[in-house]
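Quick note: the coordinates plus some simple rules give every number you see, no bench work behind them. All of these numbers come straight from a predicted model, not from anything done at the bench.
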Amino acid sequence: MTSTDTSTSSSSSPARRLLIVGPPGAGKGTQAVRIAEELAIPAISTGDIFRANVSGQTELGVLAKSYMDKGEYVPDSVTNDMVRSRLAEDDAQEGFLLDGYPRTLEQVEALDGMLAELGTDLDMVLLLVVETEAVIGRLVARGAEQGRSDDTEETIRHRLDVYAEQTAPLIDVYEKRGLVRRVDGMASIDEVTAALREALADR
Ligand code: AMP
């Protein structure tokens, strides 16, 4: 190896380009905010960006809401463009924690392309492992607390089916790349954060 080797995937550099994956209700959002703060990187939640657009009644928000309320995914082209512009912002240049993206194989390919353009790659995929029936209870409670229109039991069950069908297969893709670290998402919030921290330290 010569001094001209500029590999960015050296195990000595901290993991900073991250995904957090798991079914709806696994606690991704809560954990993403905590972990991102510790690593001083932005937590980028596509769901939050869509919800902000829904509240702001933007064109994107009106479109997104028609899918979100049914528990369906917003079309890939729309979602990919949104993430591409978010990743181009200054605060994401030294790292990011993507929460809720990618969710389809097409989004995986799009993200690969975006990162290749930026001359970088993913460091790790954090997977929160939870029991389906338990997360339904969590989501129903969240719906009541936060008034989320996609947190009714019927929509929740549909979102879990969509996850199993369209998003769970992504885990295999990242598994083959050796990026996946599994963490028990059924533990307490603090325990899950601690386990994620441990996973991040173990590269
Ligand atoms: P979340 O807050 O991550 O559970 O996302 C809420 C909703 O936003 C999802 O059920 C989808 O309708 C939409 N959404 C969020 N992220 C994506 C994505 N990567 N692709 C398509 N739709 C998404």
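A few points about this structure:
- Counting only aspartates and glutamates at least 8 places from Lys65 when in the same chain, those with an alpha carbon closer than 18 Å to its own are Asp48, Asp76, Asp81, Asp150, Asp151, Glu153, Glu154.
- Angle of helix 153-162 to the longest C-alpha principal axis of the chain, folded into 0 to 90 degrees and rounded to 10: 40°.
- Here the contact order of the chain, divided by its residue count and restricted to Cα pairs under 8 Å and six or more residues apart, works out to 31 percent.
- Here the sum of -39500 (n - 2.57) over DSSP H runs of 4 or more residues, divided by the residues of the chain, equals -15500 deg cm²/dmol at 222 nm, to the nearest 500.
- Projected over every direction and averaged, the convex hull enclosing the alpha-carbon atoms of the stretch 32-82 yields 4.0 nm².
- Taking only the C-alpha atoms of the chain, the Rg (one decimal) and the largest Cα-Cα distance, Dmax (whole number), read 16.9, 59 Å.
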